[in-house]
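Written out below as C-alpha cells is the structure these notes cover.
The values are calculated or read from the model by the stated rules, or taken from the named source; none is laboratory data. Bear in mind the structure is a predicted one, so any value in this text is a computation, not a measurement. Positions of Cβ are generated from backbone atoms using ideal geometry, with glycine treated the same way; all protein chains shown enter the neighbour counts.
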Amino acid sequence: MTRKRFAFLFIALLLLQQDLFQQAASANESSSTIAAAEAVYRERVAAWTASPGENSDYIAVALESLAALYSENGRNDDAISKYKEALAVREKAAKPAASYIAVTETKLADCLTLDHRYEESEPLLLAAYTTQAKLLGKDNPEIQKTKRKLAVCYLEQKKFAGAEILFQELFQTAKEHSYRTACGHRNRDELLYAGQLTDLTDCYMRQKKWDIAIPLSEQLLFIYQNDAVTCKEPISLPSALLTMATCYSEGGQCLRAEPLFVQASHLIHLPKKPHPAYQAIILTKHGNNLSALGKFNEAESLYRQALSSWKGVNKPGDGDRLETIEAYAALLRKTNRLDETQKLLAQAAVIKKNPLTTRIPLPKIFMETSTIELGGPIYQERTPIPPN
C-alpha cells in the first residue's frame, strides 16, 4: 500500500470516528433532555397531589404532559398508563369538566389506536364525540377530527355500517364547506373535499363495493389532476391513479386498469424515490392485474420486485406483505410450480400466527397527510408552578 493511499485511509477513519462520537453525543444529549423533562413532570404531579385544595386539573395536566412526552419518544405503553391516570383524575374531580375529559379520552384513544387496540379506543372516541357534539354541535369543525377517528376505528374493526355513516357525514360536510382556497380561484376547498372523498372511497373498497367505489375513484382522480396543475401538489396524483386502477382491476375491468398502473408506477418516482412499502404495494397490485390478464411472466417479475422491496421495510404492514406473498403463491400454483408455492405458503403461515398490523389505506399511500394525527406537540402547560 502506498504512503498516499495509507494517509487517505487514515484520514477517512478519523472522520468516521469523529462522526460516530458526534452521533453518540447527540443521542446522550437527547436522552438527558428527555430524562430531565420526565423528572420535572413527575415532580409537578407529586407537588400538586400533596398540595391542599382541589388540584385535580393541575394534576391531570402534569400527567398528560408526561404521557405526551412518552408518546413522542416511542414509549406508548407508558403514555397509555399516564393518560389513563389523567382521565381517572379528571373524572373524579369535584366538578368534572366534560370538555377536558373529552380531550383526554381522545388522546388516550390515539395511543390505543397506535397499538391497534381498536376495541378499547372505540368507547373512548364515542364518549368524546358525544360530549363534543353536545357542547359544540355536530357540524362544528372542531369535532370533525374526532368523528373521523371514530369512523376509522369502526373501519379497522370491519364495522362497515357505522364507518360508512360517519364517512358519509364527513363527506357531506366537506362538500357543503365553501371558502376560497389557497389557489385563489376555486370556491370550494377541493383538498378538504378530496380528503373526505378518499376516506369514503377506501371504505367502499374494503367492502368490495366496486360499483360505488369506481365512480368515486374517478372523481378523486379528476380532483387531483386539477390540483397537480393548479396548486402544484403532485404528491396525491399517483395515489389517485393507483386507487382508480385497483378499483378497475378488482372490479373486473383489467384492461382499463393497466395503463393507469403503468402511469402510477412512473409517477411514484417523482420527485423522489418512494418508500419501499409503497413501492411494494403498487408492484403487487400491478402484478395482480397482469396475472388476471394472463401475463404471468410479467406478473412474476413484479411480485419478485415487491418481495425485494418489503425486505427494505423495518416494520412492514403484515396485511400488505401477506397479500404480496399469497398473490405470488397463487401465480406459482397456476403455473404448476408446487414446491415454490409451498415455500411461500409457509412464509404466509408464519405471518398469520401473529395479529396482522393495519394495512396502509390504499387511496392514501403516497399522501403526506395519510398518517393518523396522534397527539401533536407536547401538551402545553397552562398551570402555574406548584408551591414548594
* With the checklist (1) at pLDDT below 80; (2) touching a Ser or Thr at 6+ places or on another chain (Cβ under 9 Å) in hand, flag the one item Thr49 doesn't pass. => (2)
* Structure fact -> Given (1) over 25 Å from the mean Cα position of the chain (by Cα); (2) without any contact (Cβ under 8 Å) to a residue 24 or more places away in the chain; (3) over 22 Å from Tyr41 (Cα atoms), Ala88 misses just (3)
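How about the range 133-180: which of its residues are assigned to a helix (DSSP H, G or I) and among the acidic types (Asp, Glu)? Steps first, answer last, please.
To start, the set of residues in the range 133-180 that are assigned to a helix (DSSP H, G or I) comprises 133-136, 141-156, 160-176.
Glu142, Glu156, Glu164, Glu169, Glu176 - these are the residues of the range 133-180 that are assigned to a helix (DSSP H, G or I) and among the acidic types (Asp, Glu).
Listed here are the residues, each with its yes/no results for (1) among the aromatic types (Phe, Trp, Tyr); (2) surrounded by 16 or more Cβ atoms within 10 Å (Cβ to Cβ); (3) touching a His at 6+ places or on another chain (Cβ under 8 Å); (4) not in a helix (DSSP H, G or I).
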| residue | (1), (2), (3), (4) |
| --- | --- |
| Gly294 | no, no, no, yes |
| Asn297 | no, no, no, no |
| Ser301 | no, no, no, no |
| Arg304 | no, no, no, no |
| Ser308 | no, no, no, no |
| Tyr328 | yes, yes, no, no |
| Leu332 | no, yes, no, no |
| Asp339 | no, no, no, no |
| Ala346 | no, no, no, no |
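Give Ile212, Ile223 a once-over and let me know the one that is among the β-branched types (Val, Ile, Thr), surrounded by 14 or more Cβ atoms within 10 Å (Cβ to Cβ) and at pLDDT below 90.
Answer to the check: Ile223.
Yes/no matrix, rows are residues, columns are (1) of a type in the set (Val, Ile, Thr); (2) out of contact with any Phe, Trp or Tyr (no Cβ under 6 Å at 6 or more places or on another chain); (3) at pLDDT 95 or above; (4) closer than 24 Å to Glu156 by Cβ:
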| position | (1), (2), (3), (4) |
| --- | --- |
| Ala240 | no, no, no, yes |
| Thr243 | yes, yes, no, yes |
| Glu250 | no, yes, no, yes |
| Phe261 | no, yes, no, no |
| Leu270 | no, yes, no, no |
